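The values are calculated or read from the model by the stated rules, or taken from the named source; none is laboratory data. This one's a predicted model, so the numbers in the text were calculated from it and none came from an experiment. Here the Cβ is made from the backbone with ideal geometry for all residues, glycine too, and neighbour counts use every protein chain on show.
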């Protein structure tokens with residue numbers, strides 16, 4: 001017997017996907033950055049996708065966003081040094 005409805009499993013997964021990366025970043029990093037939160041969020045999302053709680057397109061979306069944020073940070077670091 002299931003204790004939660006399968007209709008709301010995605011809602012539980014979204015809660016885990018938001019709360020756990022923020023907690024991990026808070027406890028593990030000195031400087032709270034968006035890229036660190038996105039890295040943790042991508043790792044946790046991969047776990048949620050592998051357990052079939054979230055669909056695969058969410059992992060693809062996170063990887064695209066992570067690459068975009070990384071490129072933007074690299075460009076800003078290069079411009080700051082000049």
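Residue 9 versus (1) exposed (fewer than 13 other Cβ atoms within 10 Å of the Cβ); (2) modelled with pLDDT under 90; (3) assigned to a helix (DSSP H, G or I): which is the lone unmet condition?
So the condition that residue 9 fails would be (1).
With respect to residue 33, determine if the residue is within 20 Å of residue 74 (Cα to Cα) and modelled with pLDDT under 90.
In short, yes.
Which condition number in (1) free of Cβ contacts under 8 Å to residues at least 40 places away in the same chain; (2) assigned to a helix (DSSP H, G or I) is the one that residue 32 fails?
(2)
Go through the residues of the range 44-56 one by one and say whether even a single one is in a loop (DSSP other than H, G, I, E, B) and loosely packed, with under 11 Cβ neighbours inside 10 Å.
Yes, the conditions are met somewhere in the range 44-56.
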